[in-house]
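Have a look at the structure below, then the notes.
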Amino acid sequence: MEVDIRTQLLSMVEPEYQKFSAALIPNITNVLGVRLPALRKIAKQLAAGDWRTYLETAEDEYFEEVMLQAMVIGHVQADLDELLKAIETFVPKIDNWSVCDSFCAGLKYTKVHSEPMWAFLQPYLRSDQEYEIRFGVVMLLNFYLNERYIDQVLSALDQIRHEAYYVKMAVAWAISMAYVKQPEVTMRYLHHNTLDDFTYNKALQKITESYRVDPESKQMIRSMKRKVKKQITSSSIKHSTRERAVNE
């Protein structure tokens, strides 16, 4: 099965798209260059068949092979215990923002199982691993920014302490989305939080970049920015440039 899948993937490689994709995910070097719609088509076919055998035997040499597994897990029909086991097995394979965010967005059955999934996510939010934390945070922003969970979400985000760039950016993204969906509660949080300066200011920036926030609110949000001494580094320049291209 895996040989056939890899053959399919290799036949779909587009060299120019490979360059584009690889530039957006600089921390990995195994991107083939297969477009996501093509992967989704294969994932749906696998999920409708013997997906258990596929997940047990799937290889992880290429970015697209890992992404394909993420998509399959989002499409399969199974009881919650089996789904959670599949998620738990997959999360350690996440090593970039793209797989992480696509995986989270595809786990739509979280809406049906919000309580057990909330409990399942808590250890990831307390992890010391960059992409385990990001997985937890992106799950919160996708499925828990509602009246029932918003206070718990903001409390959980405020307790995250990790220096990794993609953790900080995920927290900032989540807070900005919280403001869009629950502005009053989130504004109170923004006035009373323990976020580091980078994450706090990034959250404000992302709020002001949203087309769903009115101009007056954006002006108020800009006035809340913390003044910090900025150090310009080659790394920060690269991240800043990349941010404009990725779906944060």
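The values are calculated or read from the model by the stated rules, or taken from the named source; none is laboratory data. Only a predicted model underlies this, so the values are computations on that prediction, with no experimental measurement involved. Glycine also receives a Cβ, built like all others from the backbone with ideal geometry; neighbour counts cover every protein chain displayed. Areas reflect the complete protein model, heavy atoms only, side chains present, ligands, DNA and RNA absent. Shrake-Rupley method; radii C 1.70, N 1.55, O 1.52, S 1.80 Å.
Summary table below
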read-out: Choice from 98, 11, 155 with maximal GNM fluctuation in the chain (Cα, 10 Å cutoff); value: 11
read-out: Extension gain (nm, one decimal) between residue 226 and residue 196, 0.36 nm per residue minus Cα-Cα; value: 9.8 nm
read-out: Relative contact order of region 132-223, pairs being alpha-carbon contacts under 8 Å that are 6 or more residues apart, as %; value: 29 percent
read-out: Net lengthening on full extension, residue 28/residue 56 (0.36 nm per residue, minus Cα-Cα); value: 7.7 nm
read-out: Highest-MSF residue in the chain out of 91, 228, 99 [GNM, Cα springs under 10 Å]; value: 228
read-out: Using a Förster distance of 25 Å, the FRET efficiency for residue 77-residue 17 (Cβ separation, nearest 0.05); value: 0.20
read-out: Carbon/sulfur fraction of accessible area - the chain, other protein chains in place, 1.4 Å, %; value: 51 percent
read-out: Gain upon complete extension [residue 36, residue 147; 0.36 nm per residue less C-alpha separation]; value: 36.7 nm
read-out: For the chain, built as a Gaussian network whose Cα springs stay under 10 Å, the top-fluctuating residue of 116, 37, 183; value: 37
read-out: Euclidean distance between Cα centres, region 81-134 to region 10-62, Å; value: 19 Å
read-out: Cross-link pairs beyond the 28 Å C-alpha cut-off, checked among 181/202; 44/181; 181/225; value: 44/181
read-out: Dipole-positive endmost among 146, 160, 201 within the chain (Cβ charges, Cα centre); value: 201
read-out: Net dipole in debye of the chain [+1 Lys, Arg Cβ; -1 Asp, Glu Cβ; about Cα centre; nearest 20]; value: 1300 debye
read-out: Two-site FRET efficiency, residue 84 against residue 45, from Cβ-Cβ distance with R₀ of 22 Å, rounded to 0.05; value: 0.40
